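Working notes, structure below.
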Amino acid sequence: MENGLLSPAHEISNSACTGQLLRKCPKRVLGKRVWQKRFFVLEPEKRTIAYYANSKTGTMPMGVIAVQAIRGVNNVEESKKNYTSRFTIDLTGDWLFELRAQSRAEKERWLLAVKDMLKENVEFRHILEKFKHSKYWKPSIYQKLADDIEKERKRTQKIYDADAKKATKDSHRRKTIAREVQSAVESYAGVSRVNSQRRSKIGGMGE
């Protein structure tokens, strides 16, 4: 898709944090919310967390969570079953991904990876406002969100470049003025010396 924002499983970066997690289905089946196996991928370069039905080569993601949407990642309460391997990803719009790793160590690995991604400056969170009531991690909506973020990024970069260009121009102008002032000062000093010498010479002749 446009800008390569959605990647099939075989294009996953080697630097990504990947692995199978159980996601608690938000919908109830026969009155219960069941756990579904999903293959999750955190890609630091793209700053996204994608999940797939499985890791089979060529499959496209079922969903993609942009870092801008992540408000936090947390452990679950100790009162919950299997709490040592469970955690949540809290999203803008009061959406919640309830996840369960295969072990406590695996859960800690994911918590650390997500927190590390959140440590970096996260820009354009305000773009989420018009999407927060929809399931914006779904591919079709995520693509629109990603496009809007990219447009805002380009707009911001354009403003930054214009400001940088203006600052450079102002700097050149200040340097030019400084050189002109310095030249005027030196010229005035030269004229003053000549006049002083002339007055001294005239004064000597009078003696």
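The values are calculated or read from the model by the stated rules, or taken from the named source; none is laboratory data. Quick caveat: nothing in here was measured; it's all calculated off a predicted structure. As a convention, Cβ positions derive from the backbone with ideal geometry for all residues, glycine included, and neighbour counts pool all protein chains shown. Protein only, heavy atoms only, side chains kept; ligands, DNA and RNA dropped before computing areas. Shrake-Rupley method; radii C 1.70, N 1.55, O 1.52, S 1.80 Å.
Note on Y83: accessible area approximately 80 square angstrom, rounded to 10, probe 1.4 Å, nucleic acids and ligands left out.
Quick one: which of 174-181, 85-92, 25-32 comes out on top by average Cβ neighbours within 10 Å, and what's the full order, highest first?
Working: 174-181: 10.0, 85-92: 18.8, 25-32: 8.1.
Highest mean packing first, the order is 85-92, 174-181, 25-32.
The alpha carbon centroids of region 39-60 and region 95-138 are separated by 13 Å. Past the 30 Å Cα-Cα mark, which pairs from K130/K158; K27/K132; K107/K151? The pairs that break the limit, which is 30 Å between Cα atoms, are K107/K151. With 0.36 nm allotted per residue and the present C-alpha distance subtracted, the W35-Y160 stretch has 40.4 nm of extension available.
Taken along the Cα-to-beta-carbon direction at a fixed 7 Å, the label points for R125 and Q102 span 3.4 nm. Using a simple spin-label model with pseudo-atoms 7 Å out from Cα toward Cβ, R109 and R71 lie 2.9 nm apart.
Stretching the chain fully between Y188 and T59 yields a gain of 38.6 nm (0.36 nm per residue, less the alpha carbon separation). The residue list M117, T59, L91 was ranked by how far each Cα lies along the charge dipole of region 50-120 toward its positive end, using unit charges on Cβ atoms, and T59 comes out on top.
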